[in-house]
Amino acid sequence: MIEDEKIDITSGADVREETAADAPEVAQSDATAKLAEELAEAKSALLYAHAEAQNMRRRAEKEAADARAYAATAFARDLLSVADNLARGLEAIPAELREDEKMKGLVAGLDATGRELEAVFQRHGIKKMTTIGEKLDPNFHQAMFEIPSDQPVGTVVQEMQSGYMIKDRLLRPALVGVAKAAG
């Protein structure tokens, strides 16, 4: 206990009393530091929660936009077989029947139906892919067979079924024949 009661030689005052007087200031600065640390943590948590909420909002907006843009995908796939059959039917009409007066109305109606179907596809972002002469791309083409050809190896030389895109996504791959080395 003698150490606690040291006397300051210059003032003659008890050092223990000065320390006791400083104790509230030390406790107050510790409390202030603790509150400042808690405030910083709360600000950080708030910023994190705000950023997470913005990310969730952006994801939800993107998902909603994708849902609107690609909602008709299944329906469009179903219509592709109708378009294929219509095109095959039009190609099968011989030239002499196209010129026959009895058949001109039917042929004109089928041609108009084909054009209208293409216009509907265009309005909804559905586009036929160009394949002949292109390099085989497994992301867009499905190779069905190889044909000896003078074209570079891996070039699409025949199309069995057209491929389609809906906006920037593949709707249906093209079924193609690919060039192989001759001989």
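The values are calculated or read from the model by the stated rules, or taken from the named source; none is laboratory data. For clarity, every value in this text was computed on a predicted model and none was experimentally measured. Note that each Cβ is placed from the backbone with ideal geometry, even for glycine, and that neighbours are counted across all protein chains shown. Keep in mind that these areas ignore ligands, DNA and RNA; they rest on the heavy atoms of the full protein, side chains included. Shrake-Rupley method; radii C 1.70, N 1.55, O 1.52, S 1.80 Å.
Shape summary of the chain, radius of gyration then Dmax from alpha carbon positions: 39.7, 131 Å. Computed over protein heavy atoms with a 1.4 Å probe, the accessible surface of region 74-183 works out to 63 Å² per residue. Run the simple label-point estimate for residue 146 and residue 69 please: 7 Å along Cα→C-beta, distance reported in nm. It works out to 3.8 nm between the two label points.
Bridging of residue 180 to lysines at a Cα separation below 22 Å is possible for 135, once same-chain residues fewer than 8 apart are set aside.
As a fraction of the 1.4 Å probe accessible area of the chain, surface on carbon and sulfur atoms comes out at 58 percent. Positive end of the dipole of the chain (Cβ unit charges, origin at the Cα centre): among 76, 121, 95, the Cα lying farthest that way belongs to 95. Full extension of the chain segment joining residue 55 with residue 101 gains 10.1 nm, where the gain is 0.36 nm per residue of separation less the Cα-Cα distance. Between residue 81 and residue 42, the distance separating the two model label sites (each 7 Å from Cα on the Cα→Cβ line) works out to 6.4 nm.
Counting 0.36 nm for each residue step from residue 153 to residue 130 and taking away their Cα separation leaves a gain of 6.5 nm. Taking Cβ atoms as reference points and 15 Å as the exclusive limit, the residues near residue 98 contribute a net charge of -4, counting Lys and Arg as +1 and Asp and Glu as -1.
Counting only Cβ charges, +1 for Lys and Arg and -1 for Asp and Glu, the dipole size of the chain around its Cα centre is about 2120 debye. For the chain, the mean residue ellipticity at 222 nm estimated from helices alone is -20000 deg cm²/dmol, where every DSSP H run of n ≥ 4 contributes -39500 (n - 2.57) and the total is divided by all residues, rounded to the nearest 500.
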